[in-house]
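Student: Structure incoming, see below.
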């Protein structure tokens, strides 16, 4: 197999391994810093793939392609499970091991992950503080995601495409604002669960996604508590305090509220 310019394409060159495997540049001789770098880099790769798949999910939903949407949702769930399971590796890092290189991180903080902020925006979070610490192209991507319909908006458009009476004011809502619970939407979702197996499976897969996202937050918070306790995070972030504050939030309250209507 050859490339367009006639150079032999190999496994290494196709995957750009020369770049990928030399992108780990620890700042200290501490053995465990490489683990810390690799796990976070892998997180960012999975975040990139999740954003890619969720864009496809929204396209399928808005085109009325139920089967394709369900398939893409199941793939997204598989990715998010792997992201969550990666916390097992981070949990092997002890406070003493982290302290050996923590000082070299300077102002770097996981709170500065633009891809994670973009992912939150795609899922529906709308808070100005999500833009803090981001500039240039990274900030523009987060802003753009906060200005587009979120995944739940695409679900409602999908249901309207299928003939369900989603209120017009919900379909035309200001997507730059947080998603608010709607009793009218909840009534439609009850009907969907009762009468439409495929659409109900899509709704249940979204509940799975919400639950897994919540589980990742929990695992991440516990990992932070495990290695730094209640101290401030790197870069001056609030550490475990901020992470714990996000645990009560649910992405799509209407999908959860349906549980109490049976």
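Student: What's the FRET efficiency of residue 74 with residue 20 using the Cβ-Cβ distance as r and R₀ = 30 Å, to the nearest 0.05?
Tutor: 0.65
Student: Hey, what angle do you get for helix 136-147 against the long axis of the chain, alpha-carbon based, 0 to 90 degrees rounded to 10?
Tutor: Helix 136-147 sits at roughly 20 degrees to that axis.
Student: Assuming 0.36 nm per residue, please report the length gained on full extension of the stretch residue 7 to residue 260 beyond their Cα-Cα distance.
Tutor: Numbers: separation 253, 0.36 × 253 = 91.08 nm, distance 6.13 nm.
My answer for the length gained is 85.0 nm.
Student: Related question: Per-residue counts of other Cβ atoms within 10 Å, averaged by peptide: what ranking do you get for 52-60, 193-201, highest first?
Tutor: Numbers: 52-60: 18.9, 193-201: 14.3.
Descending packing order for the listed peptides: 52-60, 193-201.
Student: Let me ask something else. Quick one: angle between helix 183-195 and the longest Cα principal axis of the chain, in degrees between 0 and 90, rounded to 10, please.
Tutor: The two axes meet at around 80 degrees.
Student: Any idea what angle helix 33-62 forms with the longest principal axis of the chain, computed on alpha-carbon atoms, 0 to 90 degrees, nearest 10?
Tutor: With both axes taken from Cα atoms, the answer is about 20 degrees.
Student: Based only on Cα atoms, what mean projected area does the convex hull of the range 80-186 have, in nm²? Display every interim value, and only then the final one.
Tutor: Details: hull surface 38.3 nm².
So the Cα hull casts an average projection of 9.6 nm².
Student: Something else: Once you have the Cα-Cα distance between residue 37 and residue 129, take 0.36 nm times their residue separation minus that, and quote the gain in nm to one decimal. Provide the component values of the computation, followed by the final result.
Tutor: Details: separation 92, 0.36 × 92 = 33.12 nm, distance 2.56 nm.
Result: 30.6 nm gained on full extension.
Student: What ranking do 93-105, 19-31, 164-176 get when scored by the average of other Cβ atoms within 10 Å per residue, highest first?
Tutor: On the way: 93-105: 14.6, 19-31: 11.3, 164-176: 13.1.
The most tightly packed comes first, giving 93-105, 164-176, 19-31.
Student: If you don't mind, there's one more thing I want to ask. In Å and from the alpha-carbon atoms only, list the Rg and Dmax of the range 19-115.
Tutor: Cα radius of gyration and Dmax of the range 19-115 are 17.2, 54 Å respectively.
Student: Taking 0.36 nm per residue of separation and subtracting the Cα-Cα distance, what length does fully extending residue 180 through residue 88 add?
Tutor: Values: separation 92, 0.36 × 92 = 33.12 nm, distance 3.47 nm.
Value of the extension gain: 29.6 nm.
Student: Related question: Which order do the peptides 129-142, 209-222, 75-88 come out in when sorted by mean C-beta neighbours inside 10 angstrom, highest first? Before the final figure, lay out the partial values.
Tutor: Details: 129-142: 14.5, 209-222: 18.0, 75-88: 16.4.
My ranking of the peptides, most packed first, is 209-222, 75-88, 129-142.
Student: Have a look at the range 180-227 and give its Rg and Dmax from the Cα atoms, expressed in angstrom.
Tutor: 15.6, 49
Student: Mean 1/r over all different Cα pairs, inverted: what Kirkwood radius does the chain give, in Å?
Tutor: On the way: mean 1/r = 0.0489 Å⁻¹.
Answer for the chain: a Kirkwood hydrodynamic radius of 20.4 Å.
Student: What translational D, rounded to a whole number of µm²/s, comes out for the range 132-236 from Stokes-Einstein when the hydrodynamic radius is the Kirkwood one over Cα pairs, at 37 °C and 0.692 mPa s?
Tutor: Numbers: Rh = 16.8 Å.
Reported coefficient: 196 µm²/s.
All of the numbers you see were taken from the coordinates with simple rules; none came from a lab. All of these numbers come straight from a predicted model, not from anything done at the bench. Quick reminder, even Gly has a Cβ in these numbers, built from the backbone with ideal geometry, and neighbours come from all protein chains shown.
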